[in-house]
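Taking it in order: structure first as structure tokens, then the write-up.
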Amino acid sequence: MKLLSKKAMCNSHGQDSSYFLGWEEYEKNPYDETRNPKGIIQMGLAENQLSFDLLESWLTQNPDAAAFKRNGDSIFRELALFQDYHGLPAFKDALVQFMSEIRGNKVSFDSNKLVLTAGATSANETLIFCLADPGDAFLLPTPYYPGFDRDLKWRTGAEIVPIQCTSSNGFRITESALEEAYKEAERRNLRVKGVLVTNPSNPLGTTLTKKELQLLLTFVSTKQIHLISDEIYSGTVFNSPKFVSVMEVLIENNYMYTEVWDRVHIVYSLSKDLGLPGFRVGAIYSNDVMVVSAATKMSSFGLISSQTQYLLSALLSDKKFTKNYVSENQKRLKKRHEMLVGGLKQIGIRCLESNAGLFCWVDMRHLLNSNTFDGEMELWKKIVYEVGLNISPGSSCHCTEPGWFRACFANMSEDTLNIAIQRLKAFVDSRDNKDDIQNQQHSNKKKSFSKWVFRLSFNERQRER
């Protein structure tokens, strides 16, 4: 008799993905500048560690917030007992104002339509629970974040149908790709409940254009389905074009008084923009009253601690700090992005042109021994075990073309990133040298064969004479 549930025993979590396997290899042999300089450098983790000094400086200047004091008096007991799953009103107000600030104050958000969750993972899963039943499907453009196979499917029983995007147009979403994905879902007898996009994209590091957003809104309107816009990287846009939220396009196109207005939902988090993944701060924003109500009830399974909410409400309410932080953080991300892209370019590796995120979408197709996903995995294993870098293979992101990889740049020091680039350079140089030797050996064999044929021909002519 089986004593465990089917959920506990099923293999749909996605833990066997190369995305997670790379993490496991890193954890066995993590790089450390002094203790383990030959270890694996973690380039598979999208963390923003570039602006901790700004956050730490604010904490030093605002000790009451970290000490859970208000006007010098302790509110520890008040926070320790607070357990309303609607969240602290002051924090929700500060969070929606921060969301507006990141979007250039072109749109405003109502804190009554905001649901707090323990990170974006919880927010996405909660939305799927609200919008879909087991066996229903969501369409996602490829390549997409590998964790979605876990976040959207594992506990909800929902399915993902890929919207196949290709490098021929920079992996942009097209009408034909959307329609083909919808037809594929129908062929599989799946009821499509919506489309989910990440904007900016993880793993591409690109922002959706207004044209793409308008296309998506037209599509979900025609099909009468939902659109989830995961905008957790919205504050990381460091280059033009600027970030455009789906909310901005909704308003510009006068969707406010249509059914589509209630079928568009935004996911946000402070994990990437503020670099606080350990604080587990996520949020759902929806114009649908029933979605907000249901998601709020579900959020009791994954709340944000009252202490975290209090601290961050104070930080986000400091407009001078947030303005400076967002600006400076984007400058640092731009510099680090240029460092990786430039370093890779010098060794003959190019990246997809991008303007956001904590990573680059790296093109290593020319390094494959065969233009197959087996060839991609062979190269990935060499990079992990021989080069000592954990990067994420495109196949883990459901990319349709072998040879693309996601490499993160904001979770390490400049020195460590330089070492990673130098390791990759040595690997590419060794391959080039090996190819040169093989080509020279092949050339020498051809020359030797030609000389042998010449001598044979000469001797034959001599005998004829």
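The values are calculated or read from the model by the stated rules, or taken from the named source; none is laboratory data. As the structure is a prediction and not an experimental result, all values here were calculated from the model. Positions of Cβ are generated from backbone atoms using ideal geometry, with glycine treated the same way; all protein chains shown enter the neighbour counts. Note: accessible area is taken over every heavy atom of the protein model, side chains too, but ligands, DNA and RNA are not part of it. Shrake-Rupley method; radii C 1.70, N 1.55, O 1.52, S 1.80 Å.
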Where only alpha carbons of segment 1-93 are counted, the Rg and the Dmax (Å): 21.9, 61
Heavy-atom surface of the chain, accessible at 1.4 Å and reported per residue (Å²): 49 Å²
Which of 191, 172, 103, 35 is most accessible, then next, and so on - probe 1.4 Å: 35, 191, 172, 103
Counting DSSP beta bridges with both ends in the chain, the antiparallel % (nearest 5): 50 percent
Length gained when the stretch residue 323-residue 413 is fully extended (0.36 nm per residue, less Cα-Cα span): 30.0 nm
Over segment 126-252, relative contact order from alpha-carbon pairs under 8 Å, at least 6 apart, %: 24 percent
Centroid-to-centroid separation of segment 56-106 and segment 128-147 [C-alpha atoms, Å]: 32 Å
Ordering of 67-76, 268-277, 324-333, 242-251 by burial proxy (mean other Cβ atoms within 10 Å per residue, highest first): 268-277, 242-251, 324-333, 67-76
Computed Rg/Rh of segment 270-396, alpha carbon atoms with Kirkwood Rh: 1.10
Whole-number percent relative contact order across segment 275-369, with pairs defined as alpha carbons under 8 Å at least 6 apart: 14 percent
Residue 49 versus residue 293: modelled label distance in nm, points set 7 Å from Cα along the beta carbon direction: 4.6 nm
Partnerless Cys - the chain, beta-carbon criterion under 4.7 Å: 10, 130, 165, 397, 399, 408
C-alpha center-to-center spacing [segment 256-335, segment 189-214] in angstrom: 19 Å
Computed over the chain: relative contact order in percent, which uses C-alpha pairs under 8 Å that are six or more apart: 22 percent
Sites residue 191 and residue 252, calculated FRET efficiency, Cβ-Cβ separation with R0 25 Å, nearest 0.05: 0.25
FRET efficiency, residue 301 to residue 422 (Cβ-Cβ, R0 41 Å, nearest 0.05): 0.35
Hits among aspartates and glutamates - C-alpha to C-alpha of residue 425 under 14 Å, sequence gap 8 or more where chains match: 386
For segment 175-228: rounded, prolate or oblate by the Cα gyration tensor [a/c cutoff 1.5]: prolate
With every protein chain in place, segment 334-377: carbon and sulfur % of accessible area (1.4 Å): 49 percent
20 °C / 1.002 mPa s Stokes-Einstein diffusion coefficient of segment 271-341, Kirkwood radius on C-alpha pairs, µm²/s: 145 µm²/s
Highest-first arrangement of 364-373, 335-344, where packing means the average Cβ count within 10 Å: 335-344, 364-373
Whole-angstrom Cα spans of segment 89-193 along principal axes, big to small: 48, 34, 20
Value in Å of the Kirkwood radius, where the chain supplies the Cα pairs that are averaged: 24.4 Å
Estimated translational D of segment 192-308 in µm²/s (Stokes, Kirkwood radius over Cα pairs; 37 °C; 0.692 mPa s): 215 µm²/s
